[in-house]
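As structure tokens, the structure follows; a few thoughts come after it.
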Amino acid sequence: MSSSDQIPASSNDDSFGHHNKLHFNSEAKKYDIDPLALTISKKCGEAIIKELRSELDPEKTEVMDFACGTGLISQALSPYVKSIIGVDSSQNMVDEYNKKIWQQGIDASEMKAICLDLKESEGDQLDGRKFDLVVVDPETIGHFNRLGDKHKHVEHTVAHKGGFYHNEIEEVFLNTGVLDDVKVELSFTFNQFIEKDQKECTFKYLIAKGRKKE
């Protein structure tokens, strides 16, 4: 059960964020051995690379992996880009991300994670750093209190878990007021047996892309 299933709809944003942190902090150490998480992250990484391969430059492209978790998508993207900064509100997820990077001997200038809960009201929290690409894990979207909130100040590609219609995601991107060339399409499907329903269901994963206006 996700943390969003556990919190009453009337909870305020601070409570929502607090419960999400507790949830992901508790999941961090076992996240990389979850077969479903591994499979989805692999497919999402492949989908992003397929969509953007011609635009990625190992000498130039700087990436933010927003809500990076333990870095599964970062790892998939790393051979194709210059550097990646992972951002997550869960300190335990960030610790697992950075531990893996250290164990692999990857320099922090190439890849690292920071614990930060990006809030538009707090202004520039990244010291003016700019990114060529911002990606978001599909599992993250289901944990936003209001879908549009986190998209007002990050312009990005989203490999998105089923649960929203194409037009809802497109509307969020367009409502930022800073994106052009918005595209939302089916990326891949995934079959999973749902124990409580005792049946196999097909989940559709979307990939959404928007380009920042010049």
> Want the number for ILE49 to ASN175: 0.36 nm per residue separation, take away the alpha-carbon distance, what's left?
Replying inline: 42.8 nm
> Between LEU36 and LYS213, what is the FRET efficiency for a Förster distance of 30 Å, r being their Cβ-Cβ separation, to the nearest 0.05?
Replying inline: 0.25
> In a shell of Cβ-Cβ distance under 13 Å around ASN167, excluding ASN167 itself, what net charge do Lys and Arg (+1) and Asp and Glu (-1) give?
Replying inline: -3
>> Just to confirm a number: summing +1 for Lys and Arg and -1 for Asp and Glu over residues other than GLU62 whose beta-carbon lies under 9 angstrom from that of GLU62, what do you get?
In response: +3
> What are the lysines whose alpha-carbon lies under 22 Å from the alpha-carbon of LYS29, with same-chain residues fewer than 8 places away excluded?
Replying inline: LYS21, LYS42, LYS43, LYS99, LYS100, LYS112
>> What translational diffusion coefficient, to the nearest whole µm²/s, does the stretch 23-130 have by Stokes-Einstein, given a Kirkwood radius computed over alpha-carbon pairs, a temperature of 25 °C and 0.890 mPa s viscosity?
In response: 171 µm²/s
> Local charge sum around TYR80 (other residues, Cβ-Cβ under 10 Å, Lys/Arg +1, Asp/Glu -1)?
Replying inline: 0
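None of the figures in this text is laboratory data; all of them are computed from the coordinates on show. These numbers come from a predicted model, not from an experiment. Neighbour counts are summed over all protein chains in view; Cβ atoms, including those assigned to glycine, are modelled from backbone coordinates with ideal geometry.
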